[in-house]
Every structure is written in structure tokens, then in C-alpha cells.
Amino acid sequence: MNRGIKISKTRSNIILRLSALLNIGSSARTRLKTFARLSQSFKTTHSIETDRGIINFRIDSPGSVPQDVDSDRSEPETFEWIRQSIKENDVLWDIGANIGVFSLYAALNKENKVLSLEPSAESYATLNGNIRLNGLDEYIQALCLAGGKETNLLDLFMKDTSAGASHNSIGSSKNQFGEFDVNGYQSVIAIKLDDLDEIKGVLSPNHIKLDVDGKELEILQGARSVLSKVDSILIEIEGINLNENLVLIEEIISNSGLEEDIDWRNKGSGRNRLYWRNKT
């Protein structure tokens, strides 16, 4: 991911200079439009092959998407869970969708609906571009929102502001691994998943993927009603979640009638835990 940061910054400087040269004497609005068009032209298309077909990405750096869906770095257990668990007409909520790797894979067979939440404006813009690039507009709803314990306005503290970046944090400069140097801020609405589920037009989930860089407990605290209805939830458990938050996370999950699939703990990357309701 760090390679992508350096490339992104270099490209941004080049684009800014080109935009300035092309828009001497132009209005601020015209300069902004030129900058946006040039930014898109500097993105590269990267493709990955999956059992469901090819997924295409329009991205700043190939380092932000898997090179091989079977490698541990690519979280193969998440692809496997989607493939085995999400049935025709099921709805997946992808909380922490980033640029859409798993949302796109889940919707690729055009049999399911996906609701993707991503708070980072850069990643969200790239996510939407990738949805259109793969012709999945009808199957994926993307919202620039964060999940939260309560519904309110917060700051997104960014370790890295580029699209596809991870380990940022809502409400503080502390992610699952501790304090980090902040390189940018963004205002974002955090919404309780229970509140989201009540909005007209939002499809209730059968399954949830939760990967939010250490804020998993807070989101679960705002999702007790939703959790009581889902068939399964896949949660990233590492850092703070593996230590001080784990007891509280498992208490909420257990009270929702979900049970952990112990066999899943050491699959693939080893970062995710899977919880089922009435697994058959």
C-alpha cells in the first residue's frame, strides 16, 4: 500500500502542474473540471480473474487490489464466504467497502444485491467508478457513510488520503493497531446500522462483512436489531479487537443468536472470524 501512496502523490503533482498550464486565465470551476479529467486519465485499469469472471478496477495503483484471489494477502476466506454463503437474491452489506473488491465479487454473478458503505471520499469515488466499469450499477448501492454506535457527524482521521488506503479511523487518530500520524481529515456522517435499516429503499441484509480498522465494536453496538436478523457476519478481528474488545464483540454477537464457526479462524489471512445463525 505504501507504494501506492508515493505514486499517488507524484501523479497529483504532475496533474496539478498540467492543469495549471492548460487553464491559464480560466475560472476556478474550469480548472477544477480539467483537474478531474486529468486525474481520471492518469488512473490505470487493473483486472483480476475469479471463479465468477473478471473484475476490472480503475485505480491509482495496482497495489490496492489483490493480484491473486487465492493468496493469504487477498483474504481468500472472504471470497470463499461470499461464494458459499450468499445465495440468489440475498443482500450483502459491505461495511468498509474501500474501492469495492468484495462488493464487486459478490455482485458479479448478478444474482445478489450489495449495499456498500465507504466513508473515505477518495475511495468512495473510486468504488463508484469500479461499479460502473463492471456494469454493476443495478446490483450495488454505494453510500459515502461510516457505520457508528450513534448517528452523528464525525471526523475521519486519515493516515493516508489516497483511494484504496486503509488503517484510517473515525473519530480519533487511533486504529486497531494504536495511534498513527494524521495526514488529512474529512467530515463524515456515521450512521447506526439499525437506523440505516429503517430508511425507505434500503434493503435489509442477509449477510454483513465488517472491516473498519478497529471500529467494529462501536458499529456492532449500533446494530443490535440488524444483527438479530442476519444469517451470517464476517468480522475482521485483529489488533484491539483481538485483545480488549473481543469479549464485548462476542457478547453482542451471542446475544443476537449467532455462533462462531471455529473452523474459520485460521483460514486464509487469519484476520476474519465468521458467525452464523443456524448453520446447516
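The values are calculated or read from the model by the stated rules, or taken from the named source; none is laboratory data. Since the structure is predicted, the reported quantities are computational estimates derived from the model, not experimental observations. Cβ coordinates were reconstructed from backbone atoms using ideal geometry, including for glycine residues, and neighbour counts include every protein chain displayed.
When Asn183, Asn206 are checked against the criterion of being assigned by TED's automatic domain parsing to the domain that holds Glu244 and either of a type in the set (Ser, Thr, Tyr) or surrounded by fewer than 16 Cβ atoms within 10 Å (Cβ to Cβ) (or both), Asn183 stands alone in meeting it. Of all the helices (runs of 4 or more DSSP H) wholly in the stretch 57-139, which have at least 3 residues that are within 13 Å of the chain's Cα centre (by Cα)? In the stretch 57-139, 101-107, 121-133 are the helices (runs of 4 or more DSSP H) which contain 3 or more residues that are within 13 Å of the chain's Cα centre (by Cα).
Answer yes or no as to whether Leu156 is in contact with a Ser or Thr (Cβ under 8 Å, 6 or more places away or on another chain) and hydrophobic (A, V, I, L, M, F, W, C).
Working: in contact with a Ser or Thr (Cβ under 8 Å, 6 or more places away or on another chain): yes; hydrophobic (A, V, I, L, M, F, W, C): yes.
In short, yes.
If the condition is being more than 15 Å from the chain's Cα centre (by Cα) and either outside the structural domain of Gly148 (by TED's automatic domain parsing) or small (Gly, Ala, Ser) (or both), then the stretch 186-203 contributes Ser187, Gly201. Give the residue that is modelled with the highest pLDDT, with candidates limited to residues of the stretch 75-104 that are among the hydroxyl-bearing types (Ser, Thr, Tyr) and surrounded by 24 or more Cβ atoms within 10 Å (Cβ to Cβ). Checking each candidate, the answer is Ser103. Of all residues in the stretch 102-122, those being within 28 Å of Gly184 (Cα to Cα) and touching a helix residue (DSSP H, G or I) at 6+ places or on another chain (Cβ under 7 Å) number 4. Out of curiosity, is Gly178 closer than 27 Å to Gln141 by Cβ, assigned by TED's automatic domain parsing to the domain that holds Glu138 and not hydroxyl-bearing (Ser, Thr, Tyr)? Judged against the criteria, Gly178 is not a match.
Mind listing just one residue for me: the one in the stretch 172-187 that is touching an Asp or Glu at 6+ places or on another chain (Cβ under 9 Å) and part of a strand (DSSP E or B) and, of those, nearest to Leu274 (Cα to Cα)? Result: Asn175.
Looking at this structure, is Ala190 touching an Asp or Glu at 6+ places or on another chain (Cβ under 8 Å), under 23 Å from Gly239 (Cα atoms) and either among the β-branched types (Val, Ile, Thr) or modelled with pLDDT under 85 (or both)?
Numbers: touching an Asp or Glu at 6+ places or on another chain (Cβ under 8 Å): yes; under 23 Å from Gly239 (Cα atoms): yes; either among the β-branched types (Val, Ile, Thr) or modelled with pLDDT under 85 (or both): no.
The answer is no for Ala190.
If you scan the stretch 125-171, which residues turn out to be over 18 Å from Phe57 (Cα atoms), in contact with a helix residue (DSSP H, G or I) (Cβ under 7 Å, 6 or more places away or on another chain) and acidic (Asp, Glu)?
As a first pass, look at the stretch 125-171 and keep what is over 18 Å from Phe57 (Cα atoms): 143-161, 167-171.
Next, only the ones that are in contact with a helix residue (DSSP H, G or I) (Cβ under 7 Å, 6 or more places away or on another chain) stay: 144, 147-149, 151, 160-161.
Residue satisfying the conditions is Asp160 alone.
For the stretch 150-171, a tally of residues being modelled with pLDDT of 85 or more, surrounded by fewer than 17 Cβ atoms within 10 Å (Cβ to Cβ) and either assigned to a loop (DSSP other than H, G, I, E, B) or aliphatic (A, V, I, L, M) (or both) returns 3.
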